[in-house]
Amino acid sequence: MNGLSFFQNVFAPPRDLILIVLAAWLGLTLSERRATRHRVNLDSLSNILLVGVSGFILGGRILYALENLASFAQSPSSIFSINTSLFDPWGGLAIAALSALAYGQHIHLPFWKSLDALTPFFAALAIGIACSHLAAGTAFGKETNVPWAIDQWGALRHPTQIYEIIASLLILALILIQKPNPTAGYEFLLFVALTSASRLLIEGLRGDSTLILGGLRAAQITAWFILFATFIGWEYKIRQEHREE
Amino acid sequence: MQPILRRSLYAIALLAGLVWIFASADKTNSATAGHIPAPQKGFLAPEFKLDTFDGQTVALTDYRGTAVLVNLWATWCPPCRAEMPTLEKVYEEYKDQGLVVLGVDATNQDNPDAIAPFEKQYHITFPILLDTNGEASTLYELRSLPTSFFVGRDGVIREVVVGGPMSEALLRTNIEEIIK
């Protein structure tokens, strides 16, 4: 048994979720260390994360139940089921963002500085998600003959999950070595730009992409627009700073 | 960094992104894996041929054109036992709409004498197949019990649920998808 098979056996679903939880814990620790640099109150940061995570879990389940109302109407107790499949991750993410934003405004947390402090958490979480993809064999690559191809799902494929892990590790390292930047939001925007650029690149080698408009990959187009928006956001922040000076 | 240099870098990055989007586009739809058999969502369900208690041989291909739920289980596995009544309930409800449930007992890691009493205890009416040599378990890369594969009428796996017990809503949601 090679190292990859061993890893996939140890963290086979649903145990792959352990990797995400571990990454979240590591990310939280890193973010707490960064909080003082960005002059964000440590307790407020922990609270906003708690609100966000609760929003994600509850929102993801409730939205999934609403999307499949007919199934849940016949067995309402399923809303409390331990099945992780009964979950809308994008809906959960939206609810998490909205609830964290509302809570942040309520306790007057500085928006961009808080995002900067939370950036190591997001970056570490991305590593955990990539590791969970590798363990579960999801987010797999397209068929290839490159010497480093891995045998997966009946073909030799690009190890896109490993590319994803390497990219997210590099992004976290880059975030951590950043010197303090006076522009609030710099670290967060850097993280978003690098993450969308890496997604844009790696998605092109994936074998499970959602295709639109005659073969274009939906995730790449989304990543491109996010990258574009990040550049606009960055320019806006620089101009705002100049105006203030 | 000078604004002109910074904006040039943005433009280069965005242009390179656009070029890559079009260069890596999958015009032949080859990225989808519906023609390769593998135990993963989006792939063709691997073919198996197993015996039932009464000596009949059942092949997965016999059910091509039908929505199939392949449930791998064992008598000693508590979540498998817990989900059996729900599985039987939804099978009864959906069988007239074209749903077939194949309960594949991982016999190679089960007590064969316990299977018949189990079937009787839970009033199971869907076919129970005996994976005596572990053929199906190997093909479906079984790592946890129970594991369920929801296979569409085209033979492609639409959802994989690892672990259990599956709730009624989860079963209904996935069955509704495959019987379409």
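Some values worked out for this structure:
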read-out: Members of segment B:153-171 that are farther than 25 Å from B:Pro37 by Cα and either open to solvent by less than 10 Å² (accessible area, probe 1.4 Å) or assigned to a helix (DSSP H, G or I) (or both); value: B:Glu168, B:Ala169
read-out: B:Gln40, sole failed condition from (1) in a helix (DSSP H, G or I); (2) touching a strand residue (DSSP E or B) at 6+ places or on another chain (Cβ under 7 Å); value: (1)
read-out: Residue under evaluation B:Glu83, criteria (1) open to solvent by less than 60 Å² (accessible area, probe 1.4 Å); (2) free of Cβ contacts under 8 Å to residues at least 40 places away in the same chain; (3) over 30 Å from A:Ala229 (Cβ atoms); (4) out of contact with any strand residue (DSSP E or B) (no Cβ under 7 Å at 6 or more places or on another chain), criterion not met; value: (2)
read-out: Residue in segment B:47-54 that is open to solvent by 70 Å² or more (accessible area, probe 1.4 Å), in a loop (DSSP other than H, G, I, E, B), modelled with pLDDT under 90 and closer than 30 Å to B:Asp131 by Cβ present; value: yes
read-out: Residue list for segment B:88-107, restricted to those being open to solvent by 10 Å² or more (accessible area, probe 1.4 Å) and within 24 Å of B:Arg143 (Cβ to Cβ); value: B:Thr107
read-out: Enumeration of residues in segment A:130-144 that are in contact with a His (Cβ under 8 Å, 6 or more places away or on another chain) and either more than 18 Å from B:Pro39 (Cβ to Cβ) or aliphatic (A, V, I, L, M) (or both); value: A:Ala139, A:Lys142, A:Thr144
read-out: Considering residues of segment A:95-138 that are in contact with an Asp or Glu (Cβ under 7 Å, 6 or more places away or on another chain) and within 14 Å of chain B (Cβ to nearest Cβ) only, the residue surrounded by the fewest Cβ atoms within 10 Å (Cβ to Cβ); value: A:His133
read-out: Hey, A:Gln74 surrounded by fewer than 18 Cβ atoms within 10 Å (Cβ to Cβ) and either within 14 Å of chain B (Cβ to nearest Cβ) or over 30 Å from A:Ala117 (Cα atoms) (or both) or not; value: yes
read-out: Helices (runs of 4 or more DSSP H) contained in segment A:1-104 and holding at least 3 residues under 22 Å from the mean Cα position of the chain (by Cα) and modelled with pLDDT of 95 or more; value: A:16-35, A:42-67
read-out: Filtered residue count, segment A:154-171, keeping only those that are out of contact with any His (no Cβ under 9 Å at 6 or more places or on another chain), assigned to a helix (DSSP H, G or I) and touching a residue at least 40 places away in the same chain (Cβ under 8 Å); value: 4
read-out: Exclusive hit being in contact with a His (Cβ under 9 Å, 6 or more places away or on another chain), within 14 Å of another protein chain (Cβ to nearest Cβ) and open to solvent by 10 Å² or more (accessible area, probe 1.4 Å), set B:Leu15, B:Leu44, B:Leu9; value: B:Leu44
read-out: Matching option when the condition is in contact with a Ser or Thr (Cβ under 6 Å, 6 or more places away or on another chain) and either of a type in the set (S, T, N, Q) or not in a loop (DSSP other than H, G, I, E, B) (or both), among B:Leu87, B:Leu15, B:Leu72; value: B:Leu72
read-out: Test: residue in segment A:172-190 that is assigned to a helix (DSSP H, G or I), at pLDDT 90 or above, touching a Lys or Arg at 6+ places or on another chain (Cβ under 8 Å) and facing chain B (nearest Cβ under 9 Å); value: no
read-out: Residue in segment A:215-223 that is at positive phi and surrounded by fewer than 19 Cβ atoms within 10 Å (Cβ to Cβ) present; value: yes
read-out: Number of positions in segment A:184-211 that are in contact (Cβ under 8 Å) with a residue 40 or more places away in the chain, over 26 Å from A:His242 (Cβ atoms) and among the hydrophobic types (A, V, I, L, M, F, W, C); value: 2
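The values are calculated or read from the model by the stated rules, or taken from the named source; none is laboratory data. For clarity, every value in this text was computed on a predicted model and none was experimentally measured. Glycine gets a Cβ as well: all are built from the backbone with ideal geometry, and neighbour counts include every protein chain shown. Quick note on the areas: whole protein, heavy atoms, side chains included, nothing else; ligands and nucleic acids left out. Shrake-Rupley method; radii C 1.70, N 1.55, O 1.52, S 1.80 Å.
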